[in-house]
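Okay, so here's the structure we're looking at.
The values are calculated or read from the model by the stated rules, or taken from the named source; none is laboratory data. Computed from a predicted model, the values in this text were never measured in an experiment. Here the Cβ is made from the backbone with ideal geometry for all residues, glycine too, and neighbour counts use every protein chain on show.
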């Protein structure tokens, strides 16, 4: 018998706040979390803006010695997981640890540590490279550290699918519980790639916005969009079987009812112009839920603010939703956070769950000049009080990876 899967806890570290409440309140108010880069000197860089995490102190969540053994992306992940576990009020002593899992990914992993240790090797020689280099940089270590933190002895896995990572991680966790192979899974994504090499690489790829105006940097679906803005942080969701959550009297935020995954098999960076792959992922999620596209009232778009992504995602939504595409509310919260790469799908999943819970659709801020090729309802600049029963979250990653998650208002 297939299990129903519900969300019982959430935690996040983001450019808009380091708690669920602060993040969501800033999303609702349409606050911009993008500002000048402070993590490194940008004098020689064309890109000057990013969505940095502010005022993050890992020792509020992690032992100081342990924190030193983690790259920043892993610190973000463990901190968000601790918030989510506390939010879910999980009694770790009563959970069957062999059925308690972790599926958390990162698109890039510990690139900050790589840069620092490489510089150290060049200046001081190979013997000075930290023995913790490898455990700090590998992309699975966020999941590993979370599992050790909470004693989760069930599935412990990592998804790496570029910008679709967080959504794929949550989707795979959903299916694992649905099949009865776990009771509780900590799922999501983390990223800390606002570093010199990472920013330089994405800039050389012509993927990043080079404007100095933070109000016109991340402007999804706007005619003047010129590239995405790098963001950082983590998003973690606690997924449980409905039976397990009810047995312990947990608060239920919402339900996850569909997951679609596909590949464009088209280009290393560009989505398929026909939108077929992304549309198929959306329709797979909708079909798994056993509903029609007309039931979906909100889509949190991938919406990166790049010329190609926004145009082709719009096309994909039209392919999947047909006439209903013009009636569904669509927003890109990357207009406020920037693009958190491997963590994007996770924090955007959180946005969908909160949108359903509170009946509020967040805006796409910075939207001024309509693009004839992006002609749907992008909820420009101001959010809306509106009942949401089903919300869809899209993630599209370099390499053609597509993921869609469908969330539903919980009804017992």
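Comparison of 369, 402, 394 shows that the only residue that is over 23 Å from residue 277 (Cβ atoms) and either more than 20 Å from the chain's Cα centre (by Cα) or modelled with pLDDT of 95 or more (or both) is 369. Listed by first and then second residue, the pairs with beta-carbon distance under 7 Å, at least 6 apart or on different chains, first residue in the stretch 26-43 and assigned by TED's automatic domain parsing to the domain that holds residue 212 and within 22 Å of residue 364 (Cα to Cα), second surrounded by fewer than 15 Cβ atoms within 10 Å (Cβ to Cβ) and modelled with pLDDT of 95 or more, are 30/381; 30/382; 32/215.
Filtering the stretch 170-197 to residues that are buried (at least 24 other Cβ atoms within 10 Å of the Cβ) and touching a helix residue (DSSP H, G or I) at 6+ places or on another chain (Cβ under 7 Å) leaves 170, 182, 184, 185, 186, 187, 188, 189, 190, 191, 192, 193. A single entry from 399, 342 fulfils the requirement of being within 18 Å of residue 228 (Cα to Cα), not in a helix (DSSP H, G or I) and not assigned by TED's automatic domain parsing to the domain that holds residue 243: 399.
Considering only the stretch 283-291, I want to know if a residue exists there that is within 24 Å of residue 79 (Cβ to Cβ) and either touching a helix residue (DSSP H, G or I) at 6+ places or on another chain (Cβ under 6 Å) or assigned by TED's automatic domain parsing to the domain that holds residue 12 (or both). So far as the stretch 283-291 goes, no, none of its residues is within 24 Å of residue 79 (Cβ to Cβ) and either touching a helix residue (DSSP H, G or I) at 6+ places or on another chain (Cβ under 6 Å) or assigned by TED's automatic domain parsing to the domain that holds residue 12 (or both).
Checking the structure you have, find out if any residue of the stretch 63-82 is in a loop (DSSP other than H, G, I, E, B), farther than 30 Å from residue 406 by Cα and at pLDDT below 95.
Checking the stretch 63-82: at least one residue is in a loop (DSSP other than H, G, I, E, B), farther than 30 Å from residue 406 by Cα and at pLDDT below 95.
Of all residues in the stretch 93-111, count the ones that are part of a helix (DSSP H, G or I) and touching a strand residue (DSSP E or B) at 6+ places or on another chain (Cβ under 8 Å). Even if it seems obvious, please write down each step before you answer.
Of all residues in the stretch 93-111, those part of a helix (DSSP H, G or I) come to 97-99, 111.
Those left that are additionally touching a strand residue (DSSP E or B) at 6+ places or on another chain (Cβ under 8 Å): 99.
Result for the stretch 93-111: 1.
The condition of being outside any loop (DSSP other than H, G, I, E, B), touching a residue at least 60 places away in the same chain (Cβ under 8 Å) and crowded, with 18+ Cβ neighbours inside 10 Å holds for residue 406.
Give the residue that is nearest to residue 395 (Cα to Cα), with candidates limited to residues of the stretch 312-329 that are assigned to a helix (DSSP H, G or I) and within 21 Å of the chain's Cα centre (by Cα).
It comes out as 313.
Residues in the stretch 110-147 that are in contact with a helix residue (DSSP H, G or I) (Cβ under 9 Å, 6 or more places away or on another chain) and within 25 Å of residue 9 (Cβ to Cβ): 139, 141, 142, 143, 144, 145, 146.
Just checking, does the stretch 266-279 include any residue being assigned to a helix (DSSP H, G or I), closer than 19 Å to residue 391 by Cα and under 20 Å from the mean Cα position of the chain (by Cα)? Yes: the stretch 266-279 contains one or more residues that are assigned to a helix (DSSP H, G or I), closer than 19 Å to residue 391 by Cα and under 20 Å from the mean Cα position of the chain (by Cα). Do you know which residues across the stretch 305-322 are over 12 Å from residue 271 (Cα atoms) and either surrounded by 24 or more Cβ atoms within 10 Å (Cβ to Cβ) or in contact (Cβ under 8 Å) with a residue 40 or more places away in the chain (or both)? Once the filter is applied, which keeps residues that are over 12 Å from residue 271 (Cα atoms) and either surrounded by 24 or more Cβ atoms within 10 Å (Cβ to Cβ) or in contact (Cβ under 8 Å) with a residue 40 or more places away in the chain (or both), the stretch 305-322 yields 305, 317, 318, 319, 320, 321.
Looking only at residues that are in contact (Cβ under 8 Å) with a residue 60 or more places away in the chain and surrounded by fewer than 24 Cβ atoms within 10 Å (Cβ to Cβ) in the stretch 153-169, which one is farthest from residue 267 (Cα to Cα)? Steps first, please.
First pass over the stretch 153-169, keeping only residues in contact (Cβ under 8 Å) with a residue 60 or more places away in the chain: 160-169.
Then drop every residue that is not surrounded by fewer than 24 Cβ atoms within 10 Å (Cβ to Cβ), which leaves 160, 162.
On the way: 160: 18, 162: 14 Å.
Here the residue is 160.
In a loop (DSSP other than H, G, I, E, B) and over 29 Å from residue 109 (Cα atoms): does that describe residue 249? Judged against the criteria, residue 249 is a match. Checking the stretch 260-273 against the condition returns a match, with at least one residue being in contact with a helix residue (DSSP H, G or I) (Cβ under 6 Å, 6 or more places away or on another chain), under 21 Å from residue 367 (Cβ atoms) and buried (at least 20 other Cβ atoms within 10 Å of the Cβ). Going through (1) within 23 Å of residue 397 (Cα to Cα); (2) surrounded by fewer than 24 Cβ atoms within 10 Å (Cβ to Cβ) one by one, residue 301 falls short only on (2).
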